[in-house]
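Novice: Okay, here's the structure, questions in a sec.
The values are calculated or read from the model by the stated rules, or taken from the named source; none is laboratory data. Predicted, not measured: the structure shown is a model, and the values here were computed from it. As a convention, Cβ positions derive from the backbone with ideal geometry for all residues, glycine included, and neighbour counts pool all protein chains shown. Ligands, DNA and RNA are excluded from the accessible area calculation, which covers all protein heavy atoms including side chains. Shrake-Rupley method; radii C 1.70, N 1.55, O 1.52, S 1.80 Å.
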Amino acid sequence: MLKNIFLKIEYLGTNYFGFQLQNKKDIKENSVQEALEGALFKLYKKKIRITYASRTDRGVHAGGQAINFKIDSQIPLRNIKSGLNAFLPQDIRVKSVKIVPADFHARFWAKSKIYRYIILNREDASVFWENFAWHRPRVLDLVAMRRVARELMGKKDFSLFAKEERSYNDCTRCIKAITLRKKGSLVHVDIEANGFLRNMARNIVSFLVAIGEGRITVDEALSVLERKRHYHNKPAPACGLYLMKVKY
């Protein structure tokens, strides 16, 4: 009987050209999807194409990526997890496995996604955080950042924070929550939305950091959001971004 299998996975994106399969001729670019489908082939001895909740760019990490695939197999769920982890590289891990309804789709069933961006906010950089956080030596004004972050919440046109916004028919998305927390030298920026445009999360973070560093005042930032002031977006580095959770 055909089963619809759901996997929750985590991975470090440092060594990959993003999650999605790369279709560039004559160029070999590793992707997380390629590694997963390769492990599935070794486990089931057949080619399987997965569906996934969110495409992540080169260098972006995940603690809660969601995928599903359909297969007619008698392999127990616990053996699927251990088997795939045995075939996967050490920077990709299957965290959990379960059976979902036949019509479940990892992307289309998702109600919201939570991305976290980590900033190392101290004078000295760290070799240990080099590939996992954005180092900003100037102390960030979290009060100012939170003030502007509140204006980003709700259903809005986020074309200002999109990469190649003209490629979208509609840039309207709904941000359900933005939280900024500092613990020690680390600042976490968590953004939950019903969907994200390309580079949207990283562009929002770089915008908020510019405010926190005083390069853009709160009034100037509000004028940008009201489209009364020009702003050229530049995304924060991919290394600090993590797909934390997909809600269904």
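Novice: What is the pair-distance distribution P(r) of the chain, computed from all Cα-Cα distances in 10 Å bins starting at 0, with each bin given as a whole percent?
Specialist: Bins of 10 Å from zero give 7, 29, 32, 21, 9, 2, 0 percent of pairs.
Novice: Further question: Can you give the Rg to Rh ratio of the stretch 165-248, both from alpha-carbon atoms, with Rh computed by the Kirkwood formula?
Specialist: With Rg and the Kirkwood Rh in hand, the quotient comes to 0.96.
Novice: For the chain, what is the calculated [θ] at 222 nm in deg cm²/dmol (nearest 500), taking -39500 (n - 2.57) for each run of four or more DSSP H residues and dividing by its residue count?
Specialist: That calculation yields -7000 deg cm²/dmol at 222 nm.
Novice: Rounded to a whole number of µm²/s, how large is the Stokes-Einstein D of the stretch 106-233 at 10 °C and 1.306 mPa s, given Rh as the Kirkwood radius over C-alpha pairs?
Specialist: For the chosen part, D equals 104 µm²/s.
Novice: Something else now. Once the convex hull of the alpha carbons of the stretch 67-107 is built, what does its volume come to per residue, in cubic angstrom?
Specialist: Each residue corresponds to 85 Å³ of Cα convex hull volume.
Novice: Per 0.36 nm of contour for each residue apart, how much would the distance between residue 79 and residue 112 grow if the chain were fully extended, relative to their Cα-Cα spacing?
Specialist: So the chain would gain 8.9 nm between residue 79 and residue 112.
Novice: Moving on to the next point. How many nm is it between the label spots at residue 3 and residue 166, if each spot is 7 Å from the Cα in line with the beta carbon?
Specialist: Result: 4.9 nm between the two label points.
Novice: Using a 1.4 angstrom probe, figure out how much accessible area the stretch 1-144 has per residue, in square angstrom, rounded to the nearest whole.
Specialist: I get 55 Å² per residue for this part.
Novice: Per-residue counts of other Cβ atoms within 10 Å, averaged by peptide: what ranking do you get for 148-156, 15-23, highest first?
Specialist: By packing density, highest mean first, the sequence is 15-23, 148-156.
Novice: Turning to a different aspect of this structure: Whole number please: convex hull volume per residue of the Cα set in the stretch 136-181, in Å³?
Specialist: 92
Novice: Roll a 1.4 angstrom probe over the protein heavy atoms and tell me the percent of accessible area of the chain that is carbon or sulfur.
Specialist: Answer for the chain is 50 percent, counting heavy atoms of protein chains only.
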